[in-house]
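The values are calculated or read from the model by the stated rules, or taken from the named source; none is laboratory data. In this text, all values refer to a predicted model and were calculated from it rather than measured experimentally. Note that each Cβ is placed from the backbone with ideal geometry, even for glycine, and that neighbours are counted across all protein chains shown.
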Amino acid sequence: MKTNQRYYAIDTNSLLKDLGTNESGLTDQKVQELLKSNGQNVLAQGKKQNLLQRFLNQFKDFMIIVLLVAAFVSGVVAHEWADAALILAVVIINAIFGVFQESKAEEAIDALREMSTPEAHVKRGGKLETISSEDLVVGDIVLLEAGDIVPADIRLLDSASMKIEESALTGESVSVEKNISTLPNKDIPLGDRTNMAYMNSNVTYGRGSGVVVGTGMQTEVGHIAGMINRTEDNITPLQNNLNSLGKVLTWLILIIAAVIFVVGIFNNPGDLPQDALILEMLLVAISLAVAAIPEGLPAIVTIILALGTTRMAKRKALVRKLPAVETLGSTDIVASDKTGTLTQNKMTVEKFYQYGHLQDANSKITGVDKLLQVMTFANDTKVQKDGVLLGDPTETALIQFGFDHDYQIETELESEPRVGEVPFDSERKLMSTIHQLTNGKYLVAVKGAPDMLLQRVTKKQNSVNSVDEFTEADRTELLKVNKLLATQALRVLAMGYKIIDKLPTELTSKTVEQDLIFAGLVGMIDPERPEAAKAVVDAKSAGIRPMMITGDHQDTAKAIAVRLGIIDAGADDAVVTGAQLDQMSDEEFAKKVKQYSVYARVSPEHKVRIVKAWQDKGKVVAMTGDGVNDAPALKSADIGIGMGITGTEVSKGASDMVLADDNFATIIVAVKEGRKVFSNIQKSIQYLLSANLGEVLTLFMMTLLGWDILLPVQLLWINLATDTFPAIALGVEPTEPGIMKRKPRGRKSSFLSGGIGSSIIYQGILEGLITLGVYGLAIKFPMHSGNAAIHADALTMAYATLALIQLFHAFNVKSTYQSIFKVHPFKNKTFNIGVTVSFIMVALTILIPGFNSLFHVTELNILQWSIVLGAGLLMILVVEIVKFFQRRSGLK
């Protein structure tokens, strides 16, 4: 069977004949044949990668490939096996981090899932059976009642006041009343196919039966799952940035290494034989590559991201893929589903009209008031022992309203039990119940559509003890109030009652629902989450555009969007429906996409189209949602954010991040964390690349001038000691003030934007010049006699300066433009410890006997150490002066 076939347009007799079944159901033999040919009623799961595949995937990053090449050259060509081993160790640790984080996130998400297979009540061979929904086949006759999960796609054959809540598929929180009438043979939105029941939706009221027309991947849910599988994963901005940075560094390294190799060949200060000279200069070029490549960068970025995910997990945001943390920080658009994400997915009474006055829901109502009595008596909600309300969302909202006003519903029903009823139907749009009163009379409680109930009203309740005649002016006034509430997207119900002396012989609308007393109106809505409005304000102040994408009706979507501040009141041109989108070409939609902030009555295909349209504008799009219908867009978006509690398994599986508490405000916390992560990665990159540029410049000038150059083991130790700990510590720097007041940096920004690139260049040059200055000073004013001793001391001072100047510089990069004295330089305890450990690692190579020969350095006296430390302070002083003039010129 095909999911796009219009079963709603086929009359039931023809459909049963086409499917080879009847109202008695299929035979067991036919069921087995269909199970064998079509398979079970389950969704196909995406192929999961094993541990080895996940591990190997970590090596697809361009920077990792560059490092592997560097390790190969160091080991095989230059026989620097220690260098090669260290680089390989960094790469492997990085891969392990990535696999560990992905596995950890998957475990956390699995823990959220409720693994249960619903049962289905079917009629087979004329007998009623209860089976696992997995064993359903097309043609099965399924019986449904309140509380059931619809086990497959079903064309209804019978419906007794049945209502089904389909928000997971349509985004509409109000239950849909079902019937069996054949619909027109044209495209009808899923939410309006009133004679169909779809897999994974919930029966909230009444009962019915139907024939299965789709199972497994042939259901609407399966159709969406298939869309997800066909959607390719996007490369995140972080991955793009690292790939671009890796390519730039690779070309620069190759060019600089080639220049040094050629210069060294022609310079040849020692008149070495050609073979020896070539080998020596090749070693020099490789040493330069070791100095230039930030081999710890991938691991440091991974550690920073992992620390970010840990912090986010504590705030109930579970990240499935590390790069998603940083992607959040670059988000331009947050396209959010309405139901359950921006709203509570729970109908709630918001206003009521009583005694001629429109009041808020929290206004006081007396416990003997007829409005409370009618809304709770004419109600089929079941109150479970744990207090959970089971039933239609509209009716449970009325019961909750009674509880909130201290109305003793269960006590009242015990003393005045239901003895008769006239069930709801879609024609008269009313429901009535009859209750035995303690005085022997009967109360008739009626609720329903205002226009229908007012036709049956002859009196009105003016106060607790006062009833007057109902006039035409009263009717006009009430219809006016009803229209006012409807314009606010409230669902309005009217309440009426009467007292009768005896039960009618026949309980019909004509005998029961006449000569009613009007008790009041009630306006309900699926309200916005309390924290969502503030989250929208915070998003806008951060330059992020919040948008609502929902399957709900246009008026409801608009009203909620206005209340949340997504759009202004009267901004009708900011709202568009799925039907209107269908009339637009891609080119026309591209021109108008910036106009719309609210999309109503849309399908899964529309959501993907909206996400893609914004991505084509160069925007980074985050999509939040909890329903099955959100899943394709969640996967198409730059970052998909699913809901852990109310979210379907399909939506969680398609997401990059899952909110364990379903709290929309957590998204803004996550965005802030993402911006912090990007800022701290920038700081680490600025620190690493300026330090490595200083090393490259030092080696280049030493080679050019014919000086003794720093050895590979010295460069490797400097990189190990000074790169790792301070760079990681910069990754846990506190959030800079005003980070959520900045505009999104955009898809085209990089780690080198925002003044970082120019800072790296001048700071790297400064490090190199200061190091060369110290070397030259040591040669000019030697502390020991003998040419070898002079050069050994000078090389040791250059080694110590190049290492320690980087540690001093780490304080500079705490902020690109702000003075270190304004960013609390010693506030970050992790940073203080990291710099201290790095200093000790460098100092030990010079101070401890035995290490000197290993690292080819000499002991330094107090004056020499003073010069080295003074060089470090000079680095801070010069950068502070540059920052001062940058701030004076308007940079921040």
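I'd like to verify a number: residues in region 204-223 that are buried (at least 19 other Cβ atoms within 10 Å of the Cβ) and under 22 Å from R124 (Cα atoms), how many?
Count: 11.
With the condition kept exactly as written, say whether any residue in region 308-317 is over 21 Å from A486 (Cβ atoms), hydrophobic (A, V, I, L, M, F, W, C) and surrounded by fewer than 21 Cβ atoms within 10 Å (Cβ to Cβ).
The initial filter retains those residues of region 308-317 that are over 21 Å from A486 (Cβ atoms), namely 308-317.
Retained after the next criterion (residues that are hydrophobic (A, V, I, L, M, F, W, C)): 312-313, 317.
This time we only want the ones that are surrounded by fewer than 21 Cβ atoms within 10 Å (Cβ to Cβ), so: 313.
Yes: one or more hits.
State all residues of region 425-443 that are of a type in the set (G, A, S), closer than 21 Å to S159 by Cα and surrounded by fewer than 17 Cβ atoms within 10 Å (Cβ to Cβ); if no residue qualifies, say none. Outline the logic, then answer.
Of the residues in region 425-443, the ones of a type in the set (G, A, S) are 426, 432, 440.
Add one more test, that the residue is closer than 21 Å to S159 by Cα, and what stays is 426, 432.
S426, the sole residue that qualifies.
Among the residues of region 160-204, count how many are assigned to a strand (DSSP E or B) and over 32 Å from the mean Cα position of the chain (by Cα).
Residues of region 160-204 assigned to a strand (DSSP E or B): 160-165, 176-177, 196-197, 202-204.
Still in the list and also over 32 Å from the mean Cα position of the chain (by Cα): 160-162, 177.
Qualifying residue count for the region: 4.
Output yes when any residue across region 124-147 is outside any strand (DSSP E or B), closer than 30 Å to N379 by Cα, without any contact (Cβ under 8 Å) to a residue 60 or more places away in the chain and not polar (S, T, N, Q), and no when none is. Give the derivation first.
So in region 124-147, the residues outside any strand (DSSP E or B) come out as 125-126, 133-140, 146-147.
Now drop any that are not closer than 30 Å to N379 by Cα, which leaves 146-147.
Checking the rest, the ones that are also without any contact (Cβ under 8 Å) to a residue 60 or more places away in the chain come to none.
So far as region 124-147 goes, no, none of its residues is outside any strand (DSSP E or B), closer than 30 Å to N379 by Cα, without any contact (Cβ under 8 Å) to a residue 60 or more places away in the chain and not polar (S, T, N, Q).
Looking only at region 395-415, count how many residues are farther than 28 Å from E350 by Cβ and either of a type outside the set (G, A, S) or modelled with pLDDT under 90 (or both).
Filtering region 395-415 for residues farther than 28 Å from E350 by Cβ gives 414-415.
Next, only the ones that are either of a type outside the set (G, A, S) or modelled with pLDDT under 90 (or both) stay: 414.
Counting residues in region 395-415 that are farther than 28 Å from E350 by Cβ and either of a type outside the set (G, A, S) or modelled with pLDDT under 90 (or both) gives 1.
Could you identify the single residue in S432, S463 that is over 19 Å from I365 (Cβ atoms), of a type outside the set (K, R) and assigned by TED's automatic domain parsing to the domain that holds M375?
S432
Could you please tell me which pairs satisfy a Cβ distance under 7 Å, a separation of 6+ or placement on different chains, a first residue in region 853-880 that is closer than 11 Å to T796 by Cβ and not assigned by TED's automatic domain parsing to the domain that holds I790, and a second residue that is of a type outside the set (D, E) and in a helix (DSSP H, G or I)?
none
For (1) surrounded by fewer than 16 Cβ atoms within 10 Å (Cβ to Cβ); (2) of a type in the set (V, I, T), each residue gets a yes or a no:
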{"site": "D337", "(1), (2)": "no, no"}
{"site": "E350", "(1), (2)": "no, no"}
{"site": "V388", "(1), (2)": "yes, yes"}
{"site": "G391", "(1), (2)": "no, no"}
{"site": "E395", "(1), (2)": "no, no"}
{"site": "D406", "(1), (2)": "yes, no"}
{"site": "P423", "(1), (2)": "yes, no"}
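In this structure, does I681 turn out to be among the β-branched types (V, I, T), outside the structural domain of N812 (by TED's automatic domain parsing) and crowded, with 24+ Cβ neighbours inside 10 Å?
Numbers: among the β-branched types (V, I, T): yes; outside the structural domain of N812 (by TED's automatic domain parsing): no; crowded, with 24+ Cβ neighbours inside 10 Å: yes.
No; evaluated as a whole, the condition is false for this residue.
Results for (1) at pLDDT 70 or above; (2) among the polar types (S, T, N, Q); (3) crowded, with 24+ Cβ neighbours inside 10 Å, shown as yes or no for each residue.
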site: L272; (1), (2), (3): no, no, no
site: E280; (1), (2), (3): no, no, no
site: I303; (1), (2), (3): yes, no, no
site: V319; (1), (2), (3): yes, no, yes
site: A324; (1), (2), (3): yes, no, yes
site: S330; (1), (2), (3): yes, yes, yes
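Quickly run through region 420-447 and pick out the residues that are in a strand (DSSP E or B) and small (G, A, S). Let's see the steps before the verdict.
Step one: of region 420-447, the residues in a strand (DSSP E or B) are 420-422, 430-436, 442-447.
Within region 420-447, G420, S432, A445 meet the criteria.
When residues of region 143-164 are filtered for being crowded, with 21+ Cβ neighbours inside 10 Å and within 26 Å of V422 (Cα to Cα), how many remain?
Taking region 143-164 first, the residues crowded, with 21+ Cβ neighbours inside 10 Å are 144, 148, 150-156, 159, 162-164.
With the extra rule that they be within 26 Å of V422 (Cα to Cα), the set shrinks to 144, 148, 156, 159, 162-164.
Qualifying residue count for the region: 7.
Take region 473-505 and flag every residue that is out of contact with any strand residue (DSSP E or B) (no Cβ under 9 Å at 6 or more places or on another chain) and at pLDDT 90 or above.
Those that are out of contact with any strand residue (DSSP E or B) (no Cβ under 9 Å at 6 or more places or on another chain) and at pLDDT 90 or above: A473, T476, E477, L479, K480.
Scan M740, M701 and give me the residue that is surrounded by 16 or more Cβ atoms within 10 Å (Cβ to Cβ) and within 18 Å of V259 (Cα to Cα).
On the way: M740 fails: within 18 Å of V259 (Cα to Cα).
Result: M701 is the single residue among M740, M701 that is surrounded by 16 or more Cβ atoms within 10 Å (Cβ to Cβ) and within 18 Å of V259 (Cα to Cα).
Looking at region 694-715, can you tell me whether even one residue there is out of contact with any helix residue (DSSP H, G or I) (no Cβ under 8 Å at 6 or more places or on another chain) and in contact (Cβ under 8 Å) with a residue 60 or more places away in the chain? Working first, answer last.
First, pick out the residues of region 694-715 that are out of contact with any helix residue (DSSP H, G or I) (no Cβ under 8 Å at 6 or more places or on another chain): 705.
Imposing the further condition that a residue be in contact (Cβ under 8 Å) with a residue 60 or more places away in the chain reduces the set to none.
Scanning region 694-715, I find no residue that is out of contact with any helix residue (DSSP H, G or I) (no Cβ under 8 Å at 6 or more places or on another chain) and in contact (Cβ under 8 Å) with a residue 60 or more places away in the chain, so the answer is no.
Kindly indicate which of P782, P744, P737 is closer than 23 Å to Q864 by Cα, not hydroxyl-bearing (S, T, Y) and not in a helix (DSSP H, G or I). Before the answer, list the steps.
Working: P744 fails: closer than 23 Å to Q864 by Cα; P737 fails: closer than 23 Å to Q864 by Cα.
So the residue among P782, P744, P737 that is closer than 23 Å to Q864 by Cα, not hydroxyl-bearing (S, T, Y) and not in a helix (DSSP H, G or I) is P782.
Among the helices (runs of 4 or more DSSP H) lying completely within region 508-605, list those that include at least 2 residues that are in contact (Cβ under 8 Å) with a residue 12 or more places away in the chain, over 30 Å from E469 (Cβ atoms) and under 24 Å from the mean Cα position of the chain (by Cα). Don't jump to the end; show me each part of the working.
Values: elements: 509-512, 532-541, 554-564, 578-582, 586-592.
Result: 532-541, 554-564.
Name every residue in region 451-481 that is within 15 Å of H357 (Cβ to Cβ) and buried (at least 21 other Cβ atoms within 10 Å of the Cβ), in order of residue number.
K460, Q461, L478
What are the residues in region 532-587 that are of a type in the set (S, T, N, Q), within 22 Å of D626 (Cα to Cα) and out of contact with any helix residue (DSSP H, G or I) (no Cβ under 7 Å at 6 or more places or on another chain), if any? Step through it out loud before you land on a result.
Of the residues in region 532-587, the ones of a type in the set (S, T, N, Q) are 541, 550, 554, 556, 577, 580, 583, 585.
Then drop every residue that is not within 22 Å of D626 (Cα to Cα), which leaves 550, 554, 556, 577.
Correct list: Q554, T556.
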